[in-house]
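Peer 1: Just passing along the structure, written as structure tokens.
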Amino acid sequence: MSPILAGVLQLIALVAALALAYRPLGDYMAATYSSRKHLRVEKIIYRCIGANPDTEMRWPAYLRGILAFSLAGVLFLYLLQRLQGSLPLSFGFASISPDQAFNTAASFVANTNWQSYSGEQAMGHVVQTAGLAVQNFVSAATGMAVAIALVRGFSRTRTGDLGNFWADLVRGTVRVLIPIAVIGALVLVACGAIQNFSGIHEVGQFMGGTQQTNGGAVASQEVIKELGTNGGGYFNANSAHPFENPNGFTNLFEVFLILVIPFSLTRTFGKLVGNVRQGYAVLATMGVIWLGFTALMMWTEFAHGGPALQAAGGALEGKETRFGIGGSSIFSVATTLTSTGAVDSFHDSFTAFGGGIQLLGMMLGEIAPGGVGSGLYGMLVMAVIAVFIAGLMVGRTPEYLGKKIGTREIKLAACYILITPTLVLGFTAASMVLPDALGSILNTKALGAGPHGFSEVLYAFTSGANNNGSAFGGLNANTPWYNTTIGLAMLLGRFLPMVFVLALAGSLAGQKPVPETAGTLRTEKPLFAGLLVGTILIITGLTYFPALALGPIAEGLS
């Protein structure tokens, strides 16, 4: 079988699996977030945290709950890392330095999982499981809660109420993430991923000599890092490590885990607003962009542009032979079009245009299908902007799902889409003029970094501000400058957009519905899905094209 055919068959199998899971999982999540009943374990959690899950919250109260919970998570994870040297099962690893501890705490709480350290050489079992793995669950559940709050903004009338954050957080964790994670972890263990609490030991090498390795609760953390679109690896090689991703089947299974909740949330959206065809329109938009990016990535990586690539059958540098170009391309697009950031190959070694596709996927806002929760609310904000543009073209007040999109709504949506580019381009520009920051570019001299060196810095801040977490490996980000600035980019890129999303949700929930007329734009039709795709690509292109031209485009054309 040719490598190209193998990649196409993998893609077909993945689409079939996602299609089978779409309806039951989407309906289940809709029932979960609309249920009036509380499980016994949920009632215990509510008593422990002192929350009343039946109290309705307006958007300021909902936001305060998110910020308070996230701040507590950052402080707890920071202290856990600073105290690691005194904790059991730490393998003798020293406590993490202040700037790196802040960066890591911000990273995992913000659902980014940017790692400026080697997991097997820095973090013990307690930090990995009680700290990082726990945040993988609750940060994902927080993103889902915000998405559901925005959907309630469209579905509720004249109340301003968005539900209860604590109930949404607990339900997303207990009823959705944990059950799927348990099943997924069993699948990974059955296929060869490790799950233990063993210490460091030496193993023999095939060519002689030994090397040190350590075990860990890898399968359980691997499944939630993919399912929750987190991405942080137990080992430095991430999902290219055989303990995390043993074979071709687990590679495809992990891609399935990355995509299944973000895609299925469109069904949840349709059910909660009472019109599943609206969910199909959002799904079609996400699917067209994802399939287009995947096809483009496979084409760039299989293209035989020179003698070395012709001899190898494609751009194999930095790719695992277990997965090949097809599996690596599918994984790469899935992880950069969502907020996952996990890698099964070396993104820095992709072709120039392949790296540009990865960058562009994150610059879209990771909305196709995007992160768990964040992909849906990001796409709905873009839908609001698309409706507004359509309204301008036909000369009538824009409406979406029976709600008017007025001055307040469009201002909030505009603020949402401006936050991330401001962070990315601002921090990148600062890093390109500071000698210490330039000195972190490893593959070239500091003042002669060239387009690829610029791409490495641009990728770092694009990944951080979009809460992705993957990286181009030619940049040493474990410095005070990058630990601090990327940490700030992750926190601001995560929580500032949530402020505008929840304010938008509150504004919509306070409106009365607008009756549909003959002039109402039918947002469940293919025409609107096409308009939405065009809006996303045009806004992203206008925002980032100069930066892309200086980086991957210049490198690819040179």
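Peer 1: Could you please put T266, T479 in sequence from largest to smallest accessible area, using a 1.4 Å probe?
Peer 2: Values: T266 0, T479 30 Å².
Result, largest first: T479, T266.
Peer 1: I need two numbers for the range 451-514: Rg to one decimal and Dmax as a whole number, Cα atoms only, in Å.
Peer 2: Computed over the Cα atoms of the range 451-514, radius of gyration and Dmax are 16.8, 54 Å.
Peer 1: If you take the beta carbon distance between T422 and V273 as r and set R0 to 41 Å, what does 1/(1 + (r/R0)^6) give as a FRET efficiency, to the nearest 0.05?
Peer 2: Numbers: r = 31 Å, r/R0 = 0.76.
In this case the efficiency is close to 0.85.
Peer 1: If each of K37 and S558 carries a label point 7 Å out from its Cα toward its Cβ, how far apart are those two points in nm?
Peer 2: Placing both labels 7 Å along Cα→Cβ, they lie 6.3 nm apart.
Peer 1: For the range 97-191, compute Rh as the Kirkwood radius over C-alpha pairs and then the Stokes-Einstein diffusion coefficient at 37 °C and 0.692 mPa s; write the answer in µm²/s, rounded to an integer. Please list the in-between numbers first.
Peer 2: On the way: Rh = 15.4 Å.
This corresponds to a translational diffusion coefficient of 213 µm²/s.
Peer 1: Using a simple spin-label model with points 7 Å from Cα along the Cα→Cβ vector, what separation in nm is obtained for L550 and V394?
Peer 2: Between L550 and V394, the label points sit 4.1 nm apart.
Peer 1: Return the whole-Å distance between the Cα centroid of the range 509-558 and the Cα centroid of the range 51-107.
Peer 2: 35
Peer 1: Express in nm, to one decimal, how much length is gained between A17 and T520 on full extension, taking 0.36 nm for each residue of separation and deducting their alpha carbon distance. If you can, show how the numbers build up before the last one.
Peer 2: Working: separation 503, 0.36 × 503 = 181.08 nm, distance 3.57 nm.
Stretched out fully, the A17 to T520 stretch lengthens by 177.5 nm.
Peer 1: So, with a 1.4 angstrom probe, what is the percent of accessible area on the range 435-558 that is carbon and sulfur?
Peer 2: Details: 3440 of 4920 Å².
Answer for the range 435-558 is 70 percent, counting heavy atoms of protein chains only.
Peer 1: Follow-up question, since we're still on this one. Give the longest segment of the chain that steers clear of trypsin sites (Lys or Arg not before Pro) in DSSP loops with at most 10 neighbouring Cβ atoms within 10 Å, not counting the sites themselves.
Peer 2: Here the longest segment lacking exposed loop sites spans 159-558.
Peer 1: Could you give each residue of the range 538-548 its phi-based ³J(HN,Hα) in whole Hz, using Karplus coefficients 6.51, -1.76, 1.60 with θ = phi - 60°, and x for Gly or Pro?
Peer 2: Karplus-based 3J(HN,Hα) across the range 538-548 equals 5, 4, 5, x, 5, 6, 10, 4, x, 5, 5 Hz.
Peer 1: Taking amide H positions as placed 1.01 Å from N in the peptide plane, with prolines and chain starts having none, which residues 5 or more places from Y400, or on another chain, fall under 5 Å of its amide H?
Peer 2: The answer is I405.
Peer 1: Right, something else. Order the peptides 458-468, 134-144, 7-17 from the highest to the lowest mean number of other Cβ atoms within 10 Å of their residues. Please report the intermediate quantities before stating the final value.
Peer 2: Working: 458-468: 29.8, 134-144: 25.8, 7-17: 15.7.
Result, highest mean first: 458-468, 134-144, 7-17.
Peer 1: Quick one: how many Å² of S345 are accessible to a 1.4 Å probe, rounded to 10?
Peer 2: My reading of the accessible area for S345 is about 10 Å².
Peer 1: Eigenvalues of the Cα gyration tensor times 5, then square-rooted: what semi-axes does that give for the range 250-368, in whole angstrom, largest first? Before the final figure, lay out the partial values.
Peer 2: On the way: eigenvalues 187, 36, 24 Å².
Here the semi-axes work out to 31, 13, 11 Å.
Peer 1: Then there's this: With every protein chain left in place, what is the accessible area per residue of the range 158-303 in square angstrom, probe 1.4 Å?
Peer 2: Working: 5070 Å² over 146 residues.
Result: 35 Å² per residue.
Peer 1: Quick one: Karplus J couplings for the range 490-496, per residue in order, coefficients 6.51, -1.76, 1.60, θ = phi - 60°, nearest Hz, x for Gly and Pro?
Peer 2: Here the 3J(HN,Hα) series is 5, 5, 5, x, 8, 9, 5 Hz.
Peer 1: Let me have the relative contact order for the range 320-395, percent, based on Cα pairs under 8 Å that are six or more residues apart.
Peer 2: Working: 62 pairs, mean separation 19.8, N = 76.
Reported as a whole number, the value is 26 percent.
Peer 1: Taking a cut-off of 22 Å between Cα atoms, list the lysines near K37, but don't count ones fewer than 8 places away on the same chain.
Peer 2: List returned: K271.
Peer 1: Could you tell me the calculated FRET efficiency between E202 and S95, based on Cβ-Cβ distance and R0 = 30 angstrom, to the nearest 0.05? Each step should come with its number before you reach the end.
Peer 2: Working: r = 25 Å, r/R0 = 0.84.
For R0 = 30 Å, the calculated efficiency reads 0.75.
Peer 1: For R58, which sequence-distant residues (separation of 5 or more, or a different chain) have an amide H within less than 5 Å of its own amide H, given hydrogens modelled in the peptide plane?
Peer 2: L162
Peer 1: Ok, one more. Averaged per residue, what accessible area in Å² does the range 462-558 show with a 1.4 Å probe, protein chains only?
Peer 2: Values: 3770 Å² over 97 residues.
Accessible surface, normalised per residue, equals 39 Å².
Peer 1: For the range 530-550, list residues with backbone N below 13 Å from a point placed 7 Å from the Cα of M432 toward its Cβ?
Peer 2: 544-550
The values are calculated or read from the model by the stated rules, or taken from the named source; none is laboratory data. On a predicted model such as this, the values are computed, not experimentally measured, just so you know. Every residue, glycine among them, receives a Cβ derived from its backbone with ideal geometry; neighbour counts consider all protein chains shown. We work out accessible area using only protein heavy atoms, side chains counted, and drop any ligands, DNA or RNA first. Shrake-Rupley method; radii C 1.70, N 1.55, O 1.52, S 1.80 Å.
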